[in-house]
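Here the structure comes first, spelled out in structure tokens, and everything after it is commentary.
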């Protein structure tokens with residue numbers, strides 16, 4: 001992927017890369033997902049840095065961080081909170097759950113029962129939750145990083161399409177390359193450091209999110225975007241095409257990726273750069289394995305890309 005991160009964002013990505021060596025592109029995509037107002041699903045084997053990415057991203061953004069380790073016996077109230085009767089006050093009191101945070105790491109989300117997984121649906125979509133008929137607002141911004149291990153099937157419950165569609169992007173962190181891994185093994189990085197410095201204020205975060213939403217998409221680029229959406233729905237190669245939410249996620253991610261490169265307009269390269277991470281968890285081939293690389297190649301070899 002060819003891209004150039006704007007100077008104002010380079011220090012942020014470099015600071016996180018100190019702890020996640022050789023993963024600049026994954027860090028940039030995570031940051032773009034956040035500025036786009038979406039949520040991120042990380043699918044990979046244990047030990048490659050999913051939690052490290054989430055923890056240090058929250059720290060450089062200066063956001064309150066909460067982590068939920070999902071298990072099969074977890075209940076929705078363990079996430080959302082619960083009303084309990086306070087005998088001293090003679091009234092029911094609501095005890096907030098860990099979802100009341102700005103940055104939530106939902107670790108191994110597919111280990112919980114479907115009922116518990118669905119407890120996050122309203123929170124991720126609307127930024128609110130309902131408990132016993134009372135509506136509670138979550139902090140703004142509210143960003144969820146979910147993780148799951150695709151290689152462990154015992155004791156897991158696959159996320160339903162309705163849950164997957166709440167995540168704007170999905171990708172794996174992957175193994176480090178040999179050079180980066182050698183630095184890690186020699187202890188020449190900040191890989192084992194426990195914290196990062198806050199680098200953005202709440203006002204800066206709000207400003208960048210606004211900038212991302214205001215990035216311009218030309219009519220020609222919108223035509224290209226609609227060709228991709230139509231291809232996923234009409235080509236017959238996928239079990240089902242992009243939903244309207246998925247199409248909006250692709251649009252928002254294109255804008256945010258352009259903003260991260262210091263531009264107020266998006267290009268066809270931006271669209272090609274983010275299509276696979278937005279579509280990989282939403283699309284499934286009717287025949288053969290589904291991978292991000294194959295989705296990218298399938299789409300961009302069957303529709304025009306000469307913009």
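The values are calculated or read from the model by the stated rules, or taken from the named source; none is laboratory data. Predicted model, so just to flag it, every value in this text is computed and none were measured. When we count neighbours, we look across all protein chains shown, and the Cβ atoms used for this are built from the backbone with ideal geometry, even at glycine.
Figures for the structure shown
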quantity	calculated
Residues of segment 253-274 that turn out to be part of a helix (DSSP H, G or I) and surrounded by fewer than 22 Cβ atoms within 10 Å (Cβ to Cβ), as a count	3
Counted residues, segment 212-227 - those being surrounded by fewer than 18 Cβ atoms within 10 Å (Cβ to Cβ) and either in contact with a strand residue (DSSP E or B) (Cβ under 9 Å, 6 or more places away or on another chain) or in contact (Cβ under 8 Å) with a residue 60 or more places away in the chain (or both)	5
Residue list for segment 103-131, restricted to those being in contact with a strand residue (DSSP E or B) (Cβ under 7 Å, 6 or more places away or on another chain) and at pLDDT below 85	122
Failed item, numbered, when residue 48 is tested on (1) out of contact with any strand residue (DSSP E or B) (no Cβ under 7 Å at 6 or more places or on another chain); (2) buried (at least 24 other Cβ atoms within 10 Å of the Cβ); (3) closer than 17 Å to residue 181 by Cβ	(2)
Members of segment 275-289 that are in a loop (DSSP other than H, G, I, E, B) and either within 13 Å of residue 225 (Cβ to Cβ) or touching a residue at least 60 places away in the same chain (Cβ under 8 Å) (or both)	280, 281, 282
Any helices (runs of 4 or more DSSP H) falling wholly within segment 73-186 and containing at least 2 residues that are within 29 Å of residue 271 (Cα to Cα)	121-126, 161-164
Test result for residue 53, within 27 Å of residue 208 (Cβ to Cβ), assigned by TED's automatic domain parsing to the domain that holds residue 161 and either crowded, with 19+ Cβ neighbours inside 10 Å or without any contact (Cβ under 8 Å) to a residue 12 or more places away in the chain (or both)	yes
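Each row is one residue, and each column tells you yes or no for (1) in the same structural domain as residue 55 (by TED's automatic domain parsing); (2) part of a strand (DSSP E or B); (3) under 28 Å from residue 127 (Cα atoms).
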site	(1), (2), (3)
3	no, no, no
14	no, no, no
21	no, no, no
37	yes, no, yes
42	yes, yes, yes
